[in-house]
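K.L.:
Questions regarding the structure given below will be posed in turn.
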Amino acid sequence: MAGLYYHIPYCKQACHYCDFHFSTQLKSKRSVILAMQQELKLRAAELKSPLRSIYFGGGTPSLLTPEEIAVLIDQGQRLGRATSEIEITLEVNPDDVSPERLKDWKNAGINRLSLGIQSFSARDLKFMNRAHDVEQAHQALVWIARQFENFSVDLIYGVPQEQGDSWANNLAIISEFKPPHLSCYALTRERGTAMDKFIQRGVMPEIDEDQAQREYQTLIHWAQELGYVNYEFSNFALPGYESVNNSAYWSGLPYLGIGPSAHSYDGQTRSWNVANNALYLKSIAQEKLPITREELTFVDRYNEYVMTRLRTAKGINLDEVARIFDQKTRDNLLKMADKPIQQGLLIIKEGHLVVGAEGKFLTDGIASALFLVNLGS
Ligand code: SF4
C-alpha cells in the first residue's frame, strides 16, 4: 500500500502565515507539470504498489486545468497499479470552485475534495490575506456538498480577535453543512513569513496560545457532539470518511512526493525535492533528480514513530514497539511515559499508550518527552 503526493507550487497570492513552497508567478506552470510527469517516470520504481491514494496538495492545485489533473492521475494510477477504490483528493480554494469546475474535476478522476475555507469571518480572512471572501466560501461549500459525497473542509483556529468570537461562528456554520471530514489547524507563527515580520514590527498581535488551546477544546467537544471521530490530532471524520491519505501518513506507510519541495518516505529513508521551481525544472531537464536523501537512524525512526502514532486516536501500540524496535525500547518508553501517566496526560488503554483528554492540546510536547536522544553512538 502506498500514497502518491503531487505538490503544485503555485498560488494566486501569499497568505500571511504560509511557509509552504509556492510561487505567485504562474508562467512556468505548464513546464513544471510536464517536468513532474518526467520526475514520476524517473522514479517509477520508488512507487510502491498497489497505490491507495493520490493527493494533490500545494500551493493551490485548483489552479491546474482539468486536463493537467487528468494526465497526472492517469500516470500515477498506471505506474502505481492503483486499487479500484483509490482515493484521489484535490485541495481547492473557494475562489476556484464553480459547478462547471466541479464537474470537470470529477471527470478528470477526482473523488474527494479538500476545501481551504480557514474561516467564515471577513476579518480573519483579511488578517490571513486569503484570496477568497466569505461569500465565496459559503457558495463553494454549497456547490461541493451538492456534487461530491466525500469532501473535507480546512479551518484555522487561534486567529487573534479584537472582538467577537469567529471560531464559535465558524463551527456554527460548519454544523449546518456537516462535511464528512474536517481538518483544523492552529494558526502558527512560522519564521520568515509575512505574519512573523508583522508581529516583529508590532503591527500584528502575538498569537495567543491560551486562546488556541481554548478553541481547540471547544472544537473537540463540538466534534464529539456532532458524531465526528477525532482520528488524528487535527483531523475529524464522520464514520467511514477517514482520509486514506492522512491515515497512511500517520501510520508510517510509504509515500512518494513529486514536484518542487515534495517530501517522500519509504520506511528507511526520507527525501525532499529542491524548493525552487527554476532549479527543479533545470534538474529534471538534465534527467537528474533534484533530491536530498536522509537515511533514518534507529533513533530517528523511533522518534518519528512516537510522534506520528501519539497524534492518532489509537495511540502507540506497545507490542508493535517491541516488534518494530525491540523489547528494551518498549520498556524504556514505558519508563519515560511514567511521569505523563501520573500527571493524567497519557493513559494505557488495551495495550496502547494514548493521550488523555487533559493532554490533547499538548500532544507534540508529550511526544517529545518520550523521544530518544541521539548521542551519536
Ligand atoms: S493558498 Fe495555501 S499554499 Fe497558497 S499561500 Fe495560502 S496557505 Fe499557502
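Nothing in this text is a laboratory measurement; each read-out follows from the coordinates by a stated rule. Since the model is a prediction, treat every value here as computed from it, not as a measurement. FYI the Cβ positions are ideal-geometry reconstructions off the backbone, even for glycines, and counts take in every protein chain you see.
K.L.:
Of the options HIS16, THR89, THR193, report the single residue whose Cα projects farthest towards the positive end of the charge dipole of region 2-250 (beta-carbon charges: Lys, Arg +1; Asp, Glu -1).
P.N.:
So the residue furthest toward the plus end is THR89.
K.L.:
Calculate the spin-label point distance for THR65 paired with ALA322, positioning each point 7 Å from the Cα along the beta-carbon direction, and give it in nanometres.
P.N.:
The two pseudo-label positions are separated by 5.9 nm.
K.L.:
Which FRET efficiency value, to the nearest 0.05, do you get for ALA14 and GLU100 by plugging their Cβ-Cβ distance into 1/(1 + (r/R0)^6) with R0 = 35 Å? All intermediate terms of the calculation are to be shown ahead of the outcome.
P.N.:
Numbers: r = 27 Å, r/R0 = 0.78.
In this case the efficiency is close to 0.80.
K.L.:
In addition: In this model, which of LYS27/LYS48; LYS178/LYS349; LYS29/LYS282 are farther than 22 Å apart at the alpha-carbon?
P.N.:
Long pairs (Cα-Cα over 22 Å): LYS27/LYS48; LYS178/LYS349.
K.L.:
On to the next question. So who's got an amide H within less than 5 Å of the one on VAL92, skipping anything under 5 residues away but keeping other chains? H placed 1.01 Å off N, in plane.
P.N.:
Hits under the 5 Å cutoff: SER114, LEU115, GLY116.
K.L.:
Can you work out the Karplus-derived ³J(HN,Hα) for every residue in region 237-253? Use 6.51 cos²θ - 1.76 cosθ + 1.60 with θ = phi - 60°, whole Hz, and x for glycine or proline.
P.N.:
Values, residue by residue: 9, 5, x, x, 10, 4, 6, 4, 4, 5, 4, 4, 4, 6, 9, x, 7 Hz.
K.L.:
Residues of region 66-89 with backbone nitrogen within less than 18 Å of a virtual label 7 Å along the Cα-to-Cβ line of ASN150, please, listed as ranges.
P.N.:
Correct set: 70, 73-78, 80-89.
K.L.:
Using Cα springs under 10 Å in a Gaussian network model of the chain, which residue among LEU113, LEU182, LEU353 shows the largest mean-square fluctuation?
P.N.:
Of LEU113, LEU182, LEU353, the most mobile in the Gaussian network model is LEU353.
K.L.:
Another question about this same structure. Compare MET336, MET195, MET128 in a GNM of the chain, Cα atoms joined below 10 Å, and give the one with the largest fluctuation.
P.N.:
MET336
K.L.:
Using only Cα atoms, locate the centre of region 31-87 and the centre of region 97-159, then give the distance between them in Å, rounded to an integer.
P.N.:
The two parts, judged by their Cα centres, are 22 Å apart.
K.L.:
If you don't mind, there's one more thing I want to ask. Place a point 7 Å from the Cα of ARG293 along the Cα-to-Cβ direction; which residues of region 38-79 have their backbone N under 13 Å from it?
P.N.:
So the set is 43-47.
K.L.:
Long-range amide H contacts for GLY257: which residues qualify at under 5 Å (H placed 1.01 Å from N, peptide plane, sequence gap of 5 or more or a different chain)?
P.N.:
TYR5, SER264, TYR265
K.L.:
Let me ask something additional. Per 0.36 nm of contour for each residue apart, how much would the distance between ALA278 and SER49 grow if the chain were fully extended, relative to their Cα-Cα spacing?
P.N.:
Working: separation 229, 0.36 × 229 = 82.44 nm, distance 3.06 nm.
Result for the pair: 79.4 nm of gain on full extension.
K.L.:
Same structure again: I'd like the distance separating the alpha-carbon centroids of region 285-325 and region 203-246, in whole Å.
P.N.:
24 Å
K.L.:
Something else about it: Tell me the net charge near TRP272. Cut-off is 10 Å between Cβ atoms, TRP272 excluded, with +1 for each Lys or Arg and -1 for each Asp or Glu. Kindly include the intermediate steps, with their values, before the conclusion.
P.N.:
Details: positive: ARG270, ARG293; negative: GLU294.
The answer is +1.
K.L.:
What percentages, rounded to whole numbers, describe P(r) for the chain computed over all alpha carbon pairs with 10 Å bin width beginning at zero?
P.N.:
Pair shares across the bins are 5, 22, 31, 29, 13, 1.
K.L.:
Given charges of +1 on the Cβ of Lys and Arg and -1 on the Cβ of Asp and Glu, with all other atoms neutral, how large is the dipole of the chain about its Cα centre, in debye to the nearest 20? Mind showing how you got there, number by number?
P.N.:
Working: 39 positive and 45 negative charges, 192 e Å.
Approximately 920 debye in magnitude.
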